[in-house]
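Chemist: Sharing a structure with you now.
Just so it is clear, none of the values below were taken in a lab; they were calculated from the coordinates. Not measured: the values here are computed from a predicted model. Note that we place each Cβ from the backbone using ideal geometry, even for glycine, and neighbour counts take in every protein chain shown.
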Amino acid sequence: MSAILLIHGPNLNRLGARDNKHYGERSLSDIEAGVRESAKKLGYDIKTFQSNHEGALIDFLQKEAPKASGIIINPGALTHYSYALHDALVDSRLPCVEVHLSDIGSREPWRRNSVTAPACISQISGKKESGYLEAVEILHKHLVK
Ligand code: DQA
């Protein structure tokens, strides 16, 4: 079964305890379980990783991308400034979908720009956890083309 990497950046380990208005009520493990279930129906294994550290995310990408078919990533605040993560996504040569639980376009001005999105085939923002399920569909359509 081919694998999709499901990657979460800083503070997303605290989903459920963070501001529900922006991030919804579900925990990270609930979200991961939902993604795993819908990906399985389309024939994909999900390999999950969360870290509060930029370098750990990049190490994971470098190690796991060669064995995977695609990436779904919510980089958290790294979205807005991590050129290193952008480069690691490009170097992976994998199709990547960026997901944000909140609508980053309607919050503080500094959240509006994503430096990682240009490394992705698509960005989904503001659809809470359903954004991840849409990301699985987008990746699948891209991979079966
Ligand atoms: C987030 C949006 C980011 O701006 C923020 O720093 C996060 C979560 C989202 O899922 O809406 O930690 O990526």
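Chemist: Tell me, what is the percent relative contact order of the chain, built from C-alpha pairs under 8 Å that lie six or more residues apart?
Modeler: 27
Chemist: Next question, about the same structure. Using 0.36 nm per residue of separation minus the Cα-Cα distance, give me the extension gain between Y83 and K41 in nm, one decimal.
Modeler: My answer for the length gained is 11.7 nm.
Chemist: Further, regarding this structure: So what's the net charge close to A135: Lys and Arg +1, Asp and Glu -1, counting the other residues with Cβ under 10 Å from its Cβ?
Modeler: -2
Chemist: Take the chain, connect every pair of alpha-carbon atoms lying under 10 Å apart with a spring to form a Gaussian network, then pick out the residue of G126, G43, G76 with the largest mean-square fluctuation.
Modeler: Ranking G126, G43, G76 by mean-square fluctuation puts G43 first.
Chemist: How would you rank S38, S106, S125, going from fewest to most other Cβ atoms within 10 Å of each one's own Cβ?
Modeler: The fewest-first ordering by Cβ neighbours comes to S106, S38, S125.
Chemist: Assuming R0 = 25 Å, can you tell me the calculated FRET efficiency for the pair A17 and W110, based on Cβ-Cβ distance, to the nearest 0.05?
Modeler: Plugging the Cβ-Cβ distance into 1/(1 + (r/R0)^6) gives 0.60.
Chemist: Under 10 Å from the Cβ of I4, count the other residues' Cβ atoms, weight Lys and Arg +1, Asp and Glu -1, and hand me the total.
Modeler: Result for the neighbourhood of I4: +1.
Chemist: Give the shape of the stretch 40-99 as rounded, prolate or oblate, defined through the alpha-carbon gyration tensor: a ≥ b ≥ c are the square roots of its eigenvalues, a/c under 1.5 means rounded, and otherwise the shape is prolate if a/b is larger than b/c and oblate if not.
Modeler: prolate
Chemist: Which of these, Y23, Y132, Y81, has the largest mean-square fluctuation under a Gaussian network model of the chain (Cα springs below 10 Å)?
Modeler: Y81
Chemist: Still on this model: Take the chain, connect every pair of alpha-carbon atoms lying under 10 Å apart with a spring to form a Gaussian network, then pick out the residue of R36, R107, R26 with the largest mean-square fluctuation.
Modeler: R107
Chemist: Now for a separate question. For D91 and V144, what does the FRET efficiency come to when R0 = 22 Å and r is the distance between their Cβ atoms, rounded to the nearest 0.05?
Modeler: That pair, D91 with V144, gives E of 0.35.
Chemist: How much net charge surrounds I104 when only the other residues with a Cβ under 11 Å from the Cβ of I104 are counted, with Lys and Arg +1 and Asp and Glu -1?
Modeler: 0
Chemist: What is the calculated FRET efficiency for K63 to M1, with r their C-beta to C-beta distance and R₀ = 25 Å, to the nearest 0.05?
Modeler: The computed FRET efficiency comes out at 0.85.
Chemist: Hey, could you pull the Cα Rg and Dmax for the chain, both in Å?
Modeler: Answer for the chain, Rg first and Dmax second: 13.8, 41 Å.
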